[in-house]
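Visitor: Got a structure for you, questions after.
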Amino acid sequence: MAKLPALRLFLLFLLIVARRAAASVHEYKGEKFGRKGNAFVLHGGSEGLLASLPDRNSSATAANGDSFIRFEKIIFRRPEGAAASSKDKDSFKVQAIIFEVEDRNAIGGSAYGGQKALCCTPDLAKLGVCSEGMLIYRPLTKNPDWPQIFSASFIGKDLVATLPSQSISISKSGMYNLYFIYCDPALDGVVIEGKTVWKNPSGYLPGRMAPLMKFYGLMSLAFVILGIFWFSQYARFWREVLPLQNCITVVIALGMFEMALWYFEYAEFNKTGVRPIGITFWAVTFGNIKRTVARLVILLVSMGYGVVRPTLGGLTSKVLMLAATFFLASEVLELVENVGAVSDLSGNARLFLVIPVAMLDAFFILWIFTSLSKTLDKLQARRLMAKLDIYRKFTNALAVAVVLSVGWIVYEIYFKSTDVFNERWQNAWIIPAFWQVLSFSLLCVICALWTPSQNSTRYAYSADANEEFDREETFTLIKPGPFPSKDNRSSPPMHDNNASFGREATESHNVDVGVEDKRE
């Protein structure tokens, strides 16, 4: 029981940490600069932005067609000790640079082919290409106003330098980067406070996330259509519903909640620029519960639970432990990825959270196919042809899903490894969308195979399944010989009725009716 409070504290810690930078509104609360070569650098944000629409109106709504990056109340503070050693006429600058990723080669330089530097060196200053102690950049030929450079100065013993509040209009679609840089070591210890606001023409959603709002709207509609079909069948044949079909119902309901929550989360994010942590948390949680229950259902089906075995026996605790571990690992990963700061640059630390989830998923797949092979063998041996047919279709669907998953993982690795600077950001939304479409498609296949109907009981486990199989095999082996006379043929042989029942037990759409006839 002691582990539960600890888990809650850990999740609370993740939420508190993630709140420091809220989505398209990037907040800076005392962040320090890190040394990069001969410069001190702080990454201020990186997002895909579309160009402002030419016919944008002047309304105050978020989706007014304007695209910009806005500085709001950006100030820099330096330690009192560093300021005490400064002279009254000294001037130290902190610069902010905004550039599109395609123009990254315009930043920095080197003298005589040496190592590239961000800050102007004495050798470069002698060549007259920059001012010593300042950021090196070259205006673009096509657009001399870019990269955009802004400065805040510490004069004398000033402890605070302010960057004027202003908006930079975006006239070209691209991946934009913001960095704060200073070159003078005398400013060591400077921290930044304030925020920047990044906006697209349609709202505050980052460029790589904007298409997902429409996608989740369509997925919500798809789940509603699937839900109407499934729940109508469920209500119509509720007396024939099996435990497996109850689990499918739960998965559909969770999927409907998940898609709706994601859509409203993106819509609110797009409207305000601040990610709604409450909605995001529940969208992530419902999604992880759905994925966990879905994998659990597939595993139980593969094991033949309710079909060839009434219980899981000693495997119950292992199955539940695997499901709980998968849920916790997925929950932590999704919370770190979705709650709080959003940037088109992803850190390598994410790998430490992805690896456990990937390993658990692989274990699920291995266990599912191992169990499915055994179940198919049992159904084949018992000659339960109706169940065998449906399990073969289920196996084929799983195999196709696995092949598609492996292929997509290879493509995803290629996509990310060849797009180091996120230049293909407008297509990045397809990667998470694919997994949602694949899981929904597999759910549709399962719903089609196990739709509630008046014949649902033919999928259920029968307590006398082994007895029926033994009798059917006996009746098949004992075949009637030739009748010696017409008189003998006139009296109906008893074993013909039994053989007829044997065929009925395996091919009938209602096992219970066959059993009732036999007893009569």
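The values are calculated or read from the model by the stated rules, or taken from the named source; none is laboratory data. This is a predicted model, so every value here is computed, not measured. Here the Cβ is made from the backbone with ideal geometry for all residues, glycine too, and neighbour counts use every protein chain on show. For accessibility, only protein heavy atoms count, side chains too; no ligands or nucleic acids. Shrake-Rupley method; radii C 1.70, N 1.55, O 1.52, S 1.80 Å.
Visitor: May I ask you to list the residues in the range 372-395 that are open to solvent by 60 Å² or more (accessible area, probe 1.4 Å) and of a type in the set (D, E, K, R)?
Guide: Those that are open to solvent by 60 Å² or more (accessible area, probe 1.4 Å) and of a type in the set (D, E, K, R): K374, D377, K378, R383, D389, R392, K393.
Visitor: Please verify whether A186 is outside the structural domain of Y305 (by the TED database), of a type in the set (G, A, S), assigned to a helix (DSSP H, G or I) and out of contact with any Gly (no Cβ under 9 Å at 6 or more places or on another chain), treating the condition exactly as stated.
Guide: yes
Visitor: So is F369 part of a helix (DSSP H, G or I), touching a residue at least 40 places away in the same chain (Cβ under 8 Å), more than 25 Å from L205 (Cβ to Cβ) and open to solvent by less than 50 Å² (accessible area, probe 1.4 Å) or not?
Guide: Numbers: part of a helix (DSSP H, G or I): yes; touching a residue at least 40 places away in the same chain (Cβ under 8 Å): yes; more than 25 Å from L205 (Cβ to Cβ): yes; open to solvent by less than 50 Å² (accessible area, probe 1.4 Å): no.
So F369 fails the test.
Visitor: Which one is surrounded by the most Cβ atoms within 10 Å (Cβ to Cβ), of the residues in the range 151-181 that are aromatic (F, W, Y) and within 37 Å of the chain's Cα centre (by Cα)? Write out each step before concluding.
Guide: At the first step, the residues of the range 151-181 found to be aromatic (F, W, Y) are 154, 176, 179-180.
Cutting the leftovers down to within 37 Å of the chain's Cα centre (by Cα) gives us 176, 179-180.
Working: Y176: 25, Y179: 22, F180: 23.
Among those residues, the one meeting the criterion is Y176.
Visitor: Name the residue that is farthest from I248 (Cα to Cα), counting only residues in the range 422-441 that are part of a loop (DSSP other than H, G, I, E, B) and open to solvent by 50 Å² or more (accessible area, probe 1.4 Å).
Guide: In this case the residue turns out to be E423.
Visitor: Is there a residue in the range 196-213 that is open to solvent by less than 10 Å² (accessible area, probe 1.4 Å), at pLDDT 95 or above and either of a type outside the set (G, A, S) or in contact with a Leu (Cβ under 9 Å, 6 or more places away or on another chain) (or both)?
Guide: no
Visitor: Can I ask one more? Condition check: under 23 Å from S91 (Cα atoms) and either in a loop (DSSP other than H, G, I, E, B) or not aliphatic (A, V, I, L, M) (or both). Does F229 satisfy that? Full working, then the answer.
Guide: Values: under 23 Å from S91 (Cα atoms): no; either in a loop (DSSP other than H, G, I, E, B) or not aliphatic (A, V, I, L, M) (or both): yes.
Answer is no for this residue.
Visitor: Can I ask one more? Go through the range 222-262 and count every residue that is open to solvent by 20 Å² or more (accessible area, probe 1.4 Å) and over 15 Å from L443 (Cα atoms).
Guide: 15
Visitor: Same structure again: Would you tally the residues in the range 177-226 being of a type in the set (S, T, Y), in contact with an Asp or Glu (Cβ under 8 Å, 6 or more places away or on another chain) and closer than 17 Å to K93 by Cα?
Guide: Here is the first cut: in the range 177-226, the ones of a type in the set (S, T, Y) are 179, 182, 196, 202, 204, 216, 220.
Cutting the leftovers down to in contact with an Asp or Glu (Cβ under 8 Å, 6 or more places away or on another chain) gives us 196.
Still in the list and also closer than 17 Å to K93 by Cα: none.
Of the residues in that region, 0 qualify.
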